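Engineer: Following this message is one structure expressed as structure tokens.
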Amino acid sequence: MADRLYTTRETDEILSALRLETKLEKYILARIAFSISLTEDGINVPASRDFSGAEMKRPTFIGQDELFIKTLICDVYKKPDIDEESFYSNKSIIKNHIDSGAQKLKMLFEESGNNADLMIKKLIDRVEFRGRKEMLGKGFEIFLGKEALSKKDVVMAINDTAIHANSHMAIMGKPGVGKTQFLLKIMTDIRLQSNFQTNFIYFDYKGDVVDKQKFFDIARVQAYRLLQGDQTLPINPFMLPAYDEQAINVSAREKAESFASINSKLGVVQKGALTAAIRAAYTRRANTETPYPDFRDVYEIARTTYEEEGKQDDSLIEVLRDLSEFNLFWSHGSEIAPIEKLSDRTLLIDLHAMPVLKELVAYLVIERLYKEMSVMPDSPINDNKRTIRTILVIDEAHNYLNQKNIFLQRIIREGRSKGIVVFFASQSPSDYQQKFFNFQELLEFAYIFQCEGVSASSIQDILGCGNKTAKDLQTEIARLEPWQVIARSPEKTEEFIKFTAEAFFKNY
């Protein structure tokens, strides 16, 4: 099986020049070139017999999409299958289309007045997002259950901007009362109703979900089981929208603050050392095809600096060593390319086997999602229905809410206009009463299962009810049966509703 091919020299020069202009990686540009040529040239693509250009490794170009790419080629070429040499080698269909497509990209760039942004816009205009267009304007109607007394259907119109200010949600309740099954049902409904175009990133803190294969199959979820076997998250927290000096300096300082917010042992000196190590790691990778470091780079630089200055290992070196040796995130030399756009993936990150670093891993992924979100255009609205692009699902959220996660706060504040939504699952309404950030006022949807010891003030804030009602509900919430839920009422004449929640296993 061939593991590499060589483009023409001209193709390499075109892709290298476009990389500087577009800030896209060369393998991404090669994929675009391949796609354009496969669409426009089809089986009439000219054979390329020049191998004087750069090496294109198979894992870098193919990633996890081998079956998908083979299917595309077989469909265009009307073949039941494709042999290895024809698929990926110096005599392959892929090489022919990369070289031909590079010429088309060059022409498109010139037609765009050598303006990279205009070229990308023209590329987007060529694509027919049929599924996305079908989803625009389509409101989600999630059946949640039936009211206790009236037996009326309880339906959540989660993206209706005429009714709701945002789409953030919290599910609260002690273990074993049904909240996880309720959450899985909601997530599966959203995936199906959106034609799988609304994605989610799910942090499984306790391992309650990772063994539910039926959920993965129906909702089309990719699971990553950290510290179990050799699974690694194909995510690089150091990837940035741009790699200029200012962007790198800001990101390095933010990373240091992130580490310090999780680990109280990291003081001013350690934050400074980490910031310097991250900046140096970017410098080491500058002017390469992958201008972002990994944790091994940062750890080696920090450790070398400590040795040169005669410092003893401390909590910073310990955390960086763990991140490097546990191989949690993508690193250079990996056979699989890092995920280019996290918000386009639906995945579950299983953290339950990790003795340490759970919160830090989540923090770094959330930061990466925010960086993507910050450069997104606003999410389209049609007929008062806003397109939801990605949902961040945080299980056992009480482990995260008391940390000053600035990126989570920013997603909650700014995500509405971008179509990025946060779902929490926690054990009590009291978890959302944090002094440094008011999570409660930004939760449009709140569902309370059985909880004990809940304060009246947190019930009042979560449900928006009166003080007397909140005090009466303290006892009611403590006595709820499994699957029974207290929530805000959609009717202005009522302060709350009580209903029986639907479960994933009953619906699927």
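The values are calculated or read from the model by the stated rules, or taken from the named source; none is laboratory data. Values in this document were obtained by computation on a predicted structure and should not be read as measured data. Note that each Cβ is placed from the backbone with ideal geometry, even for glycine, and that neighbours are counted across all protein chains shown.
Engineer: Within segment 488-508, how many residues turn out to be within 13 Å of Gly464 (Cβ to Cβ) and under 32 Å from the mean Cα position of the chain (by Cα)?
Structural biologist: So the answer is 3.
Engineer: Which is small (Gly, Ala, Ser) and under 26 Å from the mean Cα position of the chain (by Cα), of Ala2, Ala47, Ala30?
Structural biologist: Ala30
Engineer: Could you please find all residues in segment 370-387 being surrounded by 15 or more Cβ atoms within 10 Å (Cβ to Cβ), of a type in the set (A, V, I, L, M, F, W, C) and closer than 18 Å to Arg413 by Cβ?
Structural biologist: Once the filter is applied, which keeps residues that are surrounded by 15 or more Cβ atoms within 10 Å (Cβ to Cβ), of a type in the set (A, V, I, L, M, F, W, C) and closer than 18 Å to Arg413 by Cβ, segment 370-387 yields Met373, Met376.
Engineer: Here's something else I'd like to know. For segment 454-508, which positions are among the hydroxyl-bearing types (Ser, Thr, Tyr), closer than 25 Å to Ile142 by Cβ and part of a loop (DSSP other than H, G, I, E, B)?
Structural biologist: Result: Ser489, Thr493, Tyr508.
Engineer: Additional query: Find the residue count for segment 189-209, including only residues that are out of contact with any His (no Cβ under 7 Å at 6 or more places or on another chain) and in a loop (DSSP other than H, G, I, E, B).
Structural biologist: Within segment 189-209, residues that are out of contact with any His (no Cβ under 7 Å at 6 or more places or on another chain) and in a loop (DSSP other than H, G, I, E, B) number 7.
Engineer: Which of the following residues is hydrophobic (A, V, I, L, M, F, W, C), part of a helix (DSSP H, G or I) and at pLDDT below 90: Ile94, Ile186, Ile120, Ile98?
Structural biologist: Testing whether each residue is hydrophobic (A, V, I, L, M, F, W, C), part of a helix (DSSP H, G or I) and at pLDDT below 90 leaves just Ile120.
Engineer: Go through (1) assigned by TED's automatic domain parsing to the domain that holds Met376; (2) not in a helix (DSSP H, G or I) and name the single condition Ser343 misses.
Structural biologist: (2)
Engineer: Follow-up question, since we're still on this one. For segment 145-163, which positions are assigned by TED's automatic domain parsing to the domain that holds Ala397, within 20 Å of Ala425 (Cα to Cα) and not aliphatic (A, V, I, L, M)?
Structural biologist: Asn159
Engineer: Do the conditions hold for Ala362, that is, is it touching a residue at least 60 places away in the same chain (Cβ under 8 Å), crowded, with 20+ Cβ neighbours inside 10 Å, aliphatic (A, V, I, L, M) and assigned by TED's automatic domain parsing to the domain that holds Val177?
Structural biologist: In short, yes.
Engineer: Let me confirm something: among Ser458, Ser426, which residue is assigned by TED's automatic domain parsing to the domain that holds Glu502, in contact with a strand residue (DSSP E or B) (Cβ under 6 Å, 6 or more places away or on another chain) and under 29 Å from Asp344 (Cβ atoms)?
Structural biologist: Ser426
Engineer: Okay, next question. Could you please find all residues in segment 36-69 being surrounded by fewer than 13 Cβ atoms within 10 Å (Cβ to Cβ) and in a helix (DSSP H, G or I)?
Structural biologist: Passing the criteria: Gly42, Ile43, Asn44, Leu67, Phe68.
Engineer: Taking the residues in segment 441-452 that are closer than 17 Å to Gly176 by Cα and part of a loop (DSSP other than H, G, I, E, B) as candidates, determine which candidate is farthest from the chain's Cα centre (by Cα).
Structural biologist: Residue satisfying both the conditions and the ranking: Glu452.
Engineer: Only one of Ser264, Ser334, Ser258 is surrounded by 14 or more Cβ atoms within 10 Å (Cβ to Cβ), under 30 Å from Asn402 (Cα atoms) and not hydrophobic (A, V, I, L, M, F, W, C). Can you tell me which?
Structural biologist: On inspection, the qualifying residue turns out to be Ser258.
Engineer: Among the residues of segment 70-89, write down those that are among the basic types (Lys, Arg) and not in a helix (DSSP H, G or I).
Structural biologist: The answer is Lys78, Lys79.
Engineer: Continuing with this model, one more query. How about segment 159-180: which of its residues are in contact with a helix residue (DSSP H, G or I) (Cβ under 7 Å, 6 or more places away or on another chain) and assigned to a strand (DSSP E or B)?
Structural biologist: Ala170, Ile171, Met172
Engineer: Among Ala281, Ala302, Ala276, which is in a helix (DSSP H, G or I), surrounded by fewer than 17 Cβ atoms within 10 Å (Cβ to Cβ), of a type in the set (Gly, Ala, Ser) and at pLDDT 90 or above?
Structural biologist: Only one candidate passes the filter, namely Ala276.
Engineer: For segment 318-334, indicate whether the set of residues that are assigned to a loop (DSSP other than H, G, I, E, B), at positive phi and in contact (Cβ under 8 Å) with a residue 40 or more places away in the chain is non-empty.
Structural biologist: Within segment 318-334, one or more residues are assigned to a loop (DSSP other than H, G, I, E, B), at positive phi and in contact (Cβ under 8 Å) with a residue 40 or more places away in the chain.
Engineer: Working only within segment 394-440, note down all residues that are at pLDDT 85 or above, charged (D, E, K, R) and part of a helix (DSSP H, G or I).
Structural biologist: If the condition is that a residue be at pLDDT 85 or above, charged (D, E, K, R) and part of a helix (DSSP H, G or I), then Arg410, Arg413, Glu414, Arg416, Lys418 are the ones that fit.
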